[in-house]
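First comes the structure, then the notes that go with it.
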Amino acid sequence: MFCLQNLFKSYGSVQVLQGIHLELNPGEISCLVGANAAGKTTLLTIAAGLQKADQGQVLRKGKLGYLAQEGGLLEDLSVEENLSLWYAANNRSSKTIFSSVSPASLLGLEPHRHKRVSRVSGGIKRRTGLAAALSGEPQWLLMDEPFTALDLQSREKILSLLNTLKESGTGILFSSHDPAVIAACADRILLLKGGHIHQQFSLRQIPSSERLVNVLEILANA
């Protein structure tokens with residue numbers, strides 16, 4: 001269970017969220033879309049417990065992983081050292097970081113494990129941040145614009161892992177403006193507009209060959 005109930009949030013006189021109701025489902029990938037400053041990051045940080053709503057509540061059973069836009073990594077440490085800190089915080093052995101089925105291995109981070117984060121590409125940083133967010137084996141994953149400015153290899157690695165997580169029952173909510181990414185993995189599109197989830201669109205029954213056209217139409221009318 002993961003429910004957002006009647007969430008309100010204002011910054012000064014600006015009302016960003018105005019009575020958000022949203023339920024996430026296990027084994028489903030939902031994409032949050034909306035104009036810039038629509039409140040996507042605010043909704044995600046409240047859902048992740050990083051800031052408080054003015055009104056309403058977040059109800060959740062199960063562990064949560066959260067990937068912020070910046071990733072939360074220590075630039076002077078290596079990829080492996082960063083992940084070791086996250087694994088230790090989740091009471092997990094660092095020996096499993098690069099096991100054959102670990103997020104870090106599935107994301108292709110093994111060749112970069114000893115490199116300083118400050119010296120790797122933006123795509124590797126993003127993959128490392130996602131591996132860190134998954135270090136506690138969460139049942140729910142929230143991500144804020146995880147595909148922004150990624151190279152093709154990083155995008156494909158992340159898409160593949162998200163579909164693997166979905167098949168294992170993980171519930172995922174991410175924000176994005178990228179129609180190709182949305183068409184490739186989302187089961188549901190949530191349009192945030194005027195402080196509300198204005199509309200929801202299911203992509204489950206749409207053939208993969210037609211998804212991108214449908215997503216483009218949805219975004220064009222958002």
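The values are calculated or read from the model by the stated rules, or taken from the named source; none is laboratory data. Worth saying up front: this structure is predicted, and the values here are computed from it rather than measured. Every residue, glycine as well, gets a Cβ built from its backbone with ideal geometry; the counts of neighbours run over all protein chains shown. Accessible surface areas use protein heavy atoms only, side chains included; no ligands, DNA or RNA. Shrake-Rupley method; radii C 1.70, N 1.55, O 1.52, S 1.80 Å.
Can you name every residue in segment 171-200 that is open to solvent by 10 Å² or more (accessible area, probe 1.4 Å) and either closer than 21 Å to R127 by Cα or touching a Phe, Trp or Tyr at 6+ places or on another chain (Cβ under 9 Å) (or both)? Before you say what the answer is, go through the steps one by one.
Of all residues in segment 171-200, those open to solvent by 10 Å² or more (accessible area, probe 1.4 Å) come to 177-180, 183-184, 188, 193-194, 196-200.
Matches in segment 171-200: H177, D178, P179, A180, A183, A184, R188.
Do you know which residues across segment 1-27 are among the aliphatic types (A, V, I, L, M) and closer than 14 Å to I46 by Cβ?
First, the residues of segment 1-27 that are among the aliphatic types (A, V, I, L, M): 1, 4, 7, 14, 16-17, 20, 22, 24.
L4, L7, V16, L17, I20, L22, L24 - these are the residues of segment 1-27 that are among the aliphatic types (A, V, I, L, M) and closer than 14 Å to I46 by Cβ.
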Could you check, for segment 143-165, whether at least one of its residues is assigned to a helix (DSSP H, G or I), modelled with pLDDT of 95 or more, touching a Leu at 6+ places or on another chain (Cβ under 6 Å) and open to solvent by 20 Å² or more (accessible area, probe 1.4 Å)?
yes
Of all residues being β-branched (V, I, T) and outside any helix (DSSP H, G or I) in segment 98-128, which is least open to solvent (accessible area, probe 1.4 Å)? Just the residue, please.
V120
Test G62 against the criterion of being surrounded by fewer than 19 Cβ atoms within 10 Å (Cβ to Cβ), more than 19 Å from H198 (Cα to Cα), modelled with pLDDT under 95 and within 17 Å of the chain's Cα centre (by Cα), and give yes or no.
no
Residue satisfying all of: in segment 177-188; touching a helix residue (DSSP H, G or I) at 6+ places or on another chain (Cβ under 6 Å) and touching a residue at least 60 places away in the same chain (Cβ under 8 Å); farthest from G62 (Cα to Cα) among these
I182
Taking segment 201-222 and the residues there that are in contact with a strand residue (DSSP E or B) (Cβ under 9 Å, 6 or more places away or on another chain) and assigned to a helix (DSSP H, G or I), the one that is surrounded by the most Cβ atoms within 10 Å (Cβ to Cβ) would be V215
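Within segment 117-127, does at least one residue satisfy the condition of being under 18 Å from Y66 (Cβ atoms), among the charged types (D, E, K, R) and free of Cβ contacts under 8 Å to residues at least 40 places away in the same chain?
yes
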Considering only segment 34-59, state which residues are modelled with pLDDT under 95 and of a type in the set (A, V, I, L, M).
A35, A37, A38
